[in-house]
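The values are calculated or read from the model by the stated rules, or taken from the named source; none is laboratory data. Keep in mind the model is a prediction, meaning the values are calculated, not measured. When we count neighbours, we look across all protein chains shown, and the Cβ atoms used for this are built from the backbone with ideal geometry, even at glycine.
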Amino acid sequence: MKIPLEDYFEDIVGKAQRGLQVSDQELCQRSGLAPEELRSLKRGSGTVTAIPRLAEALGLGANALTASYSKTWYPTNVPDVEGTKQFNSPLIDMTVNAYLIWDPETKEATVFDTGADASELLAFVDSNRLTVKYLFLTHTHQDHVADLGAIVKRTQAEIFSPELERLPETKIVREGDQIRLGKLRIEARLTNGHSPGGTSYVVQGLQNTVAVVGDSLFAGSMGGAPNDYQKALRNNLQKLLSLPGETLVCPGHGPLTTVANEREHNPFFAR
Ligand SMILES: [Fe+2]
């Protein structure tokens, strides 16, 4: 099943406005759009030719924002990396992702986040005879930790939460920590902004570099960061989009993507 993009035009514009603390009125002044033009764009019935002015006023990429408005983009050339699997579970009116990454030789595995329901993930662990050694949390928003109890009950995993968002009775993970999993190496990078301790995990040793990013970055968007917008942008640019283009990016919501896709098509970064 093709997972829909997490965010479209109106979400992206809203996140940029909240991050920059720009009201609709101010946005009209900055962009030269009439209030009615802005309203029409947000309703999806505006004129595409007005989008570059809006993008400029919000520091967004004009072509990428136009593609988002026209719903013409979806991540392409996303590699199928052996030793990685995405689990997408429904939660009220949205879905959330959890991931399994394992060393195909030793079958030692790590879980990243729990999703709303970890039963499919746990069934996969059983049917593939994986040994779950660790569970790393990207952040502790409820949708990402909702089924922690099931993983605690069914595996022996050591559980790690970010230092700045620590859950009781879990070990701490800090920026720069490196953990070995069979022949794989997992490195923690602080990519906060969306949440105070938001952490991404960069995995080396599979056929591609893999980055599990939680809500720091989405295919064609990023997690909302109304209070720390500049920090979120900077972290994503410096700590994720600096990875090799073919890096598989595993976000907390929406489809898988790559660093190359996001550099070119994410309105927050494609300038
Ligand atoms: Fe979140």
Legend entry - Yes/no for residue 156 being modelled with pLDDT of 95 or more and under 18 Å from residue 216 (Cα atoms): no
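Filter segment 139-162 down to residues that are of a type in the set (Asp, Glu) and surrounded by fewer than 17 Cβ atoms within 10 Å (Cβ to Cβ), then give me how many there are.
Number of matching residues: 1.
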Inset, instruction - Check segment 190-209 and report whether any residue there is touching a His at 6+ places or on another chain (Cβ under 9 Å) and within 17 Å of residue 261 (Cβ to Cβ). - result: no
Inset, instruction - Of the conditions (1) under 14 Å from residue 114 (Cα atoms); (2) in contact (Cβ under 8 Å) with a residue 60 or more places away in the chain, residue 153 clears all except one; give me its number. - result: (2)
Inset, instruction - Specify the residue that is farthest from residue 184 (Cα to Cα); the eligible residues are those in segment 127-150 that are of a type outside the set (A, V, I, L, M) and more than 16 Å from the ligand (Cβ to nearest atom). - result: 149
Inset, instruction - Could you please find all residues in segment 214-244 being of a type outside the set (A, V, I, L, M, F, W, C), within 12 Å of the ligand (Cβ to nearest atom) and within 17 Å of residue 18 (Cβ to Cβ)? - result: 215, 216, 223, 224
Legend entry - Candidates 95, 114, filtered to the one that is under 26 Å from residue 267 (Cα atoms) and either modelled with pLDDT of 95 or more or surrounded by 21 or more Cβ atoms within 10 Å (Cβ to Cβ) (or both): 95
Inset, instruction - Please go through segment 139-186 and pick out each residue that is of a type in the set (Val, Ile, Thr) and over 18 Å from the mean Cα position of the chain (by Cα). - result: 151, 152, 155, 159, 170, 172, 173, 179
